[in-house]
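Presented below is the structure to which this report refers.
Any read-out appearing in this document is the output of simple, stated calculations on the displayed coordinates, not a laboratory observation. These figures come from a predicted structure and were not determined experimentally. Note: ideal-geometry Cβ built from the backbone for every residue, glycine included; neighbour counts use all protein chains shown.
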């Protein structure tokens, strides 16, 4: 029965990722941001490699010459890996008075550059937001084309003290509170809030079906009290409704996900092992660059994060959720 459920669910719930479809939620324009040469910028790299520092240096050399003060470089997959990650990165970036956002995106046909403002409302992407768009075969040609456009634009340069080497953030941790590689035994009696899926520019899904599937998995396999809640609820609102813990999830390539969650990772590792205990015990192997999902629980009062005893990431959110629940049951032995 379980295999049937997971096979069916995987058909209608997928993370969009960023592919050859480019960024359908951005409206392309040929207008450079007016303050491109006067304000700080963050650069999100979406390169077909876990090691994107070389490409960052190539485009950064052009930014230095043009006058674009790109003060920080991140992997786009880190930024988009989940609600906790987005909030953490948004806070880190905007606290540094960074106002512009540049995206370097690799396609089979070459490279694309987007330039736009960081929304003040929170989060990095909104449906229909306008962004300057440029495309070329190589990063070197892309940079040359950008220099030509900037020189013709009449934009006044105010950025002069720009570092020569791009500052890359590849090991940023998302968890700011206490992290515990175990389960909280209080979950036996504390009601768990399970946020519903919601419409998102980063997801291709039928929300109603996804939430039915989420509720079905929880009802069939989770042994303690839970309830589905609206995704926008604050911790205070959840507490007022009797919840003391909340289920959370991130998705990213395995290497970045482990680093973001504070796990140690050696440079030699190429395969990550996920473990599911209990009657449905299974050992799963995933390449370190493969996209996976990881569930964990946060205590609403203390903000402590409980990751579980085992690394239990899954290739789909359904598999990851089932792994986490089964490991929880095996540990707490109900």
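Tabulated results
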| item | result |
| --- | --- |
| Where a label projected 7 Å from the Cα of residue 177 along Cα→Cβ would reach, residues of the range 214-253 with amide N under 18 Å | 227, 229-250 |
| Helix-only [θ]222 nm of the chain, DSSP H runs n ≥ 4, -39500 (n - 2.57) each, per residue, nearest 500 | -8500 deg cm²/dmol |
| In nm, spacing of pseudo-spin labels at residue 280 and residue 83 (7 Å Cα→C-beta vector) | 2.4 |
| (1) 21.4; (2) 20.7; (3) 22.0, with the label sought being that of the calculated Kirkwood radius over Cα pairs in Å | (1) |
| Inter-label distance for residue 149 and residue 263, nm, one decimal - labels placed 7 Å from Cα along Cα-to-Cβ | 4.0 |
| Computed FRET value (nearest 0.05) for residue 186 with residue 49, which takes r as the C-beta separation and R₀ as 45 Å | 0.60 |
| Added length on full extension, which subtracts the Cα-Cα distance from 0.36 nm per residue, residue 28 to residue 158 | 44.2 nm |
| Distance between modelled label sites at residue 219 and residue 302, nm, 7 Å Cα→Cβ extension | 3.3 |
| Gain in span if fully extended, residue 196 to residue 140, counting 0.36 nm per residue against the direct Cα distance | 15.8 nm |
| Acute angle (nearest 10 degrees) that the helix 207-221 long axis makes with the longest principal axis of the chain, alpha-carbon atoms | 40 |
| Between the range 259-332 and the range 92-154, the alpha-carbon center distance in angstrom | 34 |
